[in-house]
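The values are calculated or read from the model by the stated rules, or taken from the named source; none is laboratory data. Quick caveat: nothing in here was measured; it's all calculated off a predicted structure. FYI the Cβ positions are ideal-geometry reconstructions off the backbone, even for glycines, and counts take in every protein chain you see. Just so you know, the surface numbers come from the protein's heavy atoms only, side chains and all, with ligands and any DNA or RNA stripped out. Shrake-Rupley method; radii C 1.70, N 1.55, O 1.52, S 1.80 Å.
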Amino acid sequence: MTTMSTTSQMTPDAPQPTVALSEEDALRADIYGLLAGLVRQAPDAELLDWLGGLEIDADGIPLTQAWQALSQAAEAATPDTLERAHFRHLVGVIQGDITPYASWYRQGELMEAALVELRQDLRALGFERTTHTPEPEDHLAALCEVMAMLVTDAAKPRQAGFFFHHLAPWAPQCWGDLAKVESAFYAALGDLGRAFMESESARLQEAASQSAVRIVSPAE
């Protein structure tokens, strides 16, 4: 899978270790990057064509079904209509139909405690906010960007801690709210994001459980 070209809000403040990623982790990082880009801005014609041309096996898995729905919606959409829909759903004159910020979902207001805590954790992880974007760091796109970078980082245990602390408590609900909008493309994107969050939750819980078992194993 390839991701759209977009401007990231978050960057590491030091070079990250180069590691050989498994195919599965490379795909996860790409999906996080794709979700971040589609939340941040409407897709251009190239990305829309790519999404519409995806070949997806029908296996009945919710995540696969969500990919199929997004691909079908992309085939029927145009960049101009999605530009307007993106503004209506995720930006707005004052705010869009969805307010994709952790502090909004967790405290009901922007720039609240969830953002303060996130900034502390981002500093501890070595990430800093870029200067070219006005959005706070608890924007859904920014958090997906951080997860993409953590997946490609050598320190894999940090993925689970960040995900369960800063995404799991609210992001599934946010994606679910997006799944209710009238635009077929953005509703499908909401379903995909929600299904991916569910998949990641199960994956990271299992990985954390296996890691704990290895730590206490007498054989080691």
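Farthest towards the positive end of the charge dipole of the chain, among the residues Ile56, Leu90, Gln120, is the Cα of Gln120, using unit charges on the Cβ of Lys, Arg, Asp and Glu.
Treating only the Cβ atoms of Lys and Arg (+1) and Asp and Glu (-1) as charged, compute the dipole magnitude of the chain about its Cα centre; round to the nearest 20 debye.
Values: 14 positive and 32 negative charges, 113 e Å.
Charge dipole, the chain, about its Cα centre: 540 debye, nearest 20.
A dipole drawn for the chain from +1 and -1 charges on Cβ atoms has a positive end, and of Tyr32, Ala160, Phe196 the residue lying farthest that way is Ala160. The GNM of the chain, with springs linking C-alpha atoms under 10 angstrom apart, assigns the highest mean-square fluctuation among Glu200, Glu46, Glu23 to Glu23. Share of carbon and sulfur in the accessible area of the chain stands at 52%, probe radius 1.4 Å. A Gaussian network model of the chain, with springs between Cα atoms under 10 Å, assigns the largest mean-square fluctuation among Ser201, Ser183, Ser22 to Ser22.
Test of understanding: in a Gaussian network model of the chain with alpha carbons linked when under 10 Å, which of Gln65, Gln210, Gln173 would top the mean-square fluctuation ranking? The residue with the greatest mean-square fluctuation here is Gln210.
Of the options (1) 51; (2) 40; (3) 47, only one is percent of Cα pairs over 23 Å apart as computed from these coordinates, and that is (3).
Rounded to the nearest 0.05, what FRET efficiency do Glu83 and Glu23 have when you use their Cβ-Cβ distance and R0 = 30 Å? Each step should come with its number before you reach the end.
On the way: r = 34 Å, r/R0 = 1.12.
Efficiency for this residue pair is about 0.35.
Computed on the range 75-220, with alpha-carbon pairs under 8 angstrom and 6+ residues apart, the relative contact order is 19 percent.
What FRET efficiency comes out for Lys180 versus Arg203 if R0 is 25 angstrom and r is the Cβ-Cβ distance? Round to the nearest 0.05.
Numbers: r = 26 Å, r/R0 = 1.03.
It comes to 0.45.
Roughly how many nanometres apart are two label points built 7 Å out from the Cα toward the Cβ at Asp44 and Gln107? Label-label distance for Asp44 and Gln107, simple model: 3.7 nm. Averaged over its residues, the chain has an accessible area of 50 Å² per residue, based on protein heavy atoms and a 1.4 Å probe. Highest mean packing first, where packing is the average number of other Cβ atoms within 10 Å per residue, the peptides 147-153, 89-95, 26-32 line up as 147-153, 26-32, 89-95. Our coupling estimate for the range 169-174, obtained by passing each phi through the Karplus curve with A = 6.51, B = -1.76, C = 1.60 and θ = phi - 60°, is x, 9, 4, x, 5, 4 Hz, Gly and Pro reported as x. Reducing the range 31-54 and the range 133-196 to their Cα centroids gives an inter-centroid distance of 15 Å.
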